[in-house]
Structures are given as C-alpha cells and as structure tokens.
Amino acid sequence: MPLLKYLSFLVLTMLLGLGHAQAETPKMKYRQVMVDGVNIAYREIGDPSAPSVLLLHGVPSSSRMYDDLMKQLGNRFHLIAPDYPGFGNSDAPPPDKFVYTFDHLAKVMEHFTDAVGLKRYSLFMQDYGAPVGMRLAMARPEAVTSMVFQNGNVYAEGLGKMWDSRKAYWADRGAYEAKFQAAHLSLDVTRQRHVGSDPDVTAYNPDLWQDEVAFLNRPGEGAIQMALIYDYRTNIDAYPAWQKWLREHQLPTLVIWGKHDLAFTVAGAEAFRRDLPNAEIAILDGGHFVMDTRLEDVANLTRKFLIKQK
C-alpha cells in the first residue's frame with residue numbers, strides 16, 4: 001500500500017474509533033466493605049472520575065447478573081454493583097439478627113454509597129432493584145442523575161397473574177408460607193422465572209437457574225427469601241408515592257423490558273409514560289432477566305442513554 005493511502009487509512013480508522021483509538025475495558029474488581037455491621041460484597045469497574053452507575057439487582061440473583069453488562073460499559077463509565085444482605089457473597093445473617101425489609105435493604109444501600117464514596121450516580125434497577133432504588137432516590141434525590149428500569153416494576157398495571165397467590169400469602173402468612181417457600185426454592189419455579197413465556201427456551205443457559213437453586217437452598221436462605229416476599233406488599237402500597245416522585249422530578253429515564261416476563265408485564269413498562277412522557281421505553285424479545293438473551297441490546301441502549309446524560 002502506498003504511504004499516502006496508508007496514512008489516510010490510519011487517520012480514518014482513528015476517527016471511526018477503531019484500533020488503538022478505542023479505550024480498553026478495565027478489569028473488574030471484586031471487593032468487600034462493612035456497612036452497618038454487615039459485610040457487603042460488590043463488584044466495580046471503570047475510572048472513578050467517569051460518570052457513575054449504581055446497579056441494583058433482583059431476586060434471587062446478585063451483582064453477578066450485571067457482570068457482563070459492566071464489562072461492556074466499563075471503558076466509558078464507573079459502575080458499582082453491590083449484593084444485598086442475604087444475597088450473593090454478602091453476609092446473610094438470619095432474620096432474628098437482621099430485619100429483612102425493603103426499607104432496611106434501602107438504608108443499607110444508602111450507607112453503602114457512603115462507604116464507597118459514591119455521591120452522584122445513575123441508578124440501574126432490575127426487579128427488587130426498583131423498590132430498593134426508589135427508596136434510595138427519595139432519600140437522596142440530589143444523588144440520582146438518571147434512572148434505568150429493567151423489568152423493575154412500580155405500577156399496578158405491571159403485576160402479572162402470579163401475584164394473586166402472593167396476595168393470599170400476605171393475607172394469611174401462616175397458612176401459606178410452607179407451601180410458598182417450597183415452590184420459591186424449587187427448580188421449576190426458578191427456571192420459569194428466567195424463561196417466562198419465551199417460546200425459544202433453547203436461548204437460555206440452564207446454569208442460570210441451576211446456580212440460583214443452589215443459592216436458594218443454602219441453610220437459612222429460605223427464611224430470608226420469605227421475609228422479603230412477605231414485605232413486598234409494602235412496595236405495592238408505595239407505588240402511588242413513587243409515581244408522584246417520578247412525576248415531580250422528571251429525571252431522564254430509560255425503561256428496558258423483556259416482554260416474556262410473567263411477573264411484570266409489558267403494561268408496567270408502558271405505564272411509565274403516564275408520569276414520564278419523555279422516558280425512553282424499549283420492549284425486547286426476552287424474559288424477566290432480559291440480559292439472559294439480549295445482553296448486546298441492553299448494553300447498546302444503556303450506553304447511548306448514559307452518554308446523553310454526560
């Protein structure tokens with residue numbers, strides 16, 4: 001190749017962000033910190049001087065669900081994903097030693113941000129991450145710059161039929177808890193949580209639910225899970241207050257929803273338009289944990305959204 005053509009090609013390549021012009025992805029760090037007497041495990045990636053993202057996980061997962069997403073975004077953003085008490089690699093004190101409510105989880109996460117020096121951040125929330133994140137946002141509205149809801153429900157319209165059995169459990173805990181716990185810890189229910197109504201079950205890695213079943217059935221975990229499921233009724237009661245907060249603050253918001261989710265239906269995603277008319281809403285051909293099968297889509301949507309917030 002003639003020298004002039006080679007130099008022209010090299011300049012064009014750099015302008016397009018290819019080759020050495022693109023920042024390399026830093027390595028993930030797996031850390032621990034004591035918060036309110038509980039050892040909290042978390043993963044962190046990216047330059048702390050870059051815009052920060054706090055990723056809050058669902059059930060029965062942990063920060064592990066975000067590992068691949070964080071690696072895709074870590075060359076442009078600073079991302080931190082903690083494990084709640086009772087989840088992942090964080091301490092799991094028994095319910096007689098730690099009060100497992102969403103109010104308490106949110107307070108621990110609030111103190112976690114202090115412990116790691118996280119002052120301003122975007123919130124990325126999946127499933128349980130939404131009730132934890134909404135409490136956190138309301139406690140410290142000055143800290144939250146934007147929000148991403150990934151099948152993180154805050155509207156009654158989004159509650160699927162499966163919630164009927166949970167309402168019966170809330171009405172009479174003693175009568176339903178043993179049966180409900182057995183189902184929640186089972187392989188079939190754990191698998192269904194991922195696959196949902198997706199006709200393409202071959203797209204899902206069975207390790208996803210096999211690993212979660214092992215986690216759910218470790219000693220003492222069942223009682224922790226039941227305590228939080230029983231407390232989930234407080235989240236539904238709080239929906240109107242959260243919607244009011246969203247309506248009043250009008251933060252930049254991205255809603256990503258897997259349409260095959262049986263727990264939180266697409267109606268829950270569309271309902272955001274009522275309070276956040278400028279929200280970006282993307283309905284994907286995936287399940288409750290949409291990154292199971294649509295990681296690239298979620299990464300691209302999130303990257304574009306976060307870049308606009310800089």
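Every number here is computed from the coordinates shown, using simple stated rules; none is lab data. What you are looking at is a predicted structure, and each value in this text was computed from that prediction instead of being measured. Here the Cβ positions follow ideal geometry from the backbone for every residue, glycine too, while neighbour counts run over all protein chains shown.
Does Asp211 fit the bill of being surrounded by fewer than 17 Cβ atoms within 10 Å (Cβ to Cβ) and under 20 Å from Arg193 (Cβ atoms)?
Details: surrounded by fewer than 17 Cβ atoms within 10 Å (Cβ to Cβ): yes; under 20 Å from Arg193 (Cβ atoms): yes.
Yes: the conditions hold for Asp211.
None of Ala106, Ala183, Ala156 is buried (at least 20 other Cβ atoms within 10 Å of the Cβ) and closer than 17 Å to Tyr232 by Cβ except Ala106. Considering Ala299, Ala279, the condition of being aliphatic (A, V, I, L, M), within 21 Å of Tyr66 (Cβ to Cβ) and touching a helix residue (DSSP H, G or I) at 6+ places or on another chain (Cβ under 7 Å) is satisfied by Ala299 alone.
Residue-wise test of (1) closer than 24 Å to Asp198 by Cβ; (2) touching a Lys or Arg at 6+ places or on another chain (Cβ under 8 Å).
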residue	(1), (2)
Asn217	no, no
Glu221	no, no
Asp237	no, no
Trp242	no, no
Pro252	no, yes
Trp257	yes, no
Val266	yes, yes
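Summed over the range 143-180, residues that are assigned to a strand (DSSP E or B) and either among the polar types (S, T, N, Q) or more than 30 Å from Val53 (Cα to Cα) (or both) total 3.
If you check Gly258, Gly196 for being crowded, with 16+ Cβ neighbours inside 10 Å and at positive phi, only one passes: Gly196.
Condition check ((1) under 19 Å from Pro131 (Cα atoms); (2) assigned to a strand (DSSP E or B)) across all residues:
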| position | (1), (2) |
| --- | --- |
| Thr234 | yes, no |
| Ala238 | yes, no |
| Leu254 | yes, yes |
| Gly287 | no, no |
| Leu301 | no, no |
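Every listed requirement among (1) surrounded by 14 or more Cβ atoms within 10 Å (Cβ to Cβ); (2) touching a His at 6+ places or on another chain (Cβ under 8 Å) is met by Pro141 save one, (1).
Condition check ((1) in contact (Cβ under 8 Å) with a residue 60 or more places away in the chain; (2) β-branched (Val, Ile, Thr)) across all residues:
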residue: Leu69; (1), (2): yes, no
residue: Gly74; (1), (2): no, no
residue: Phe77; (1), (2): yes, no
residue: Lys97; (1), (2): no, no
residue: Lys107; (1), (2): yes, no
residue: Thr113; (1), (2): no, yes
residue: Pro131; (1), (2): yes, no
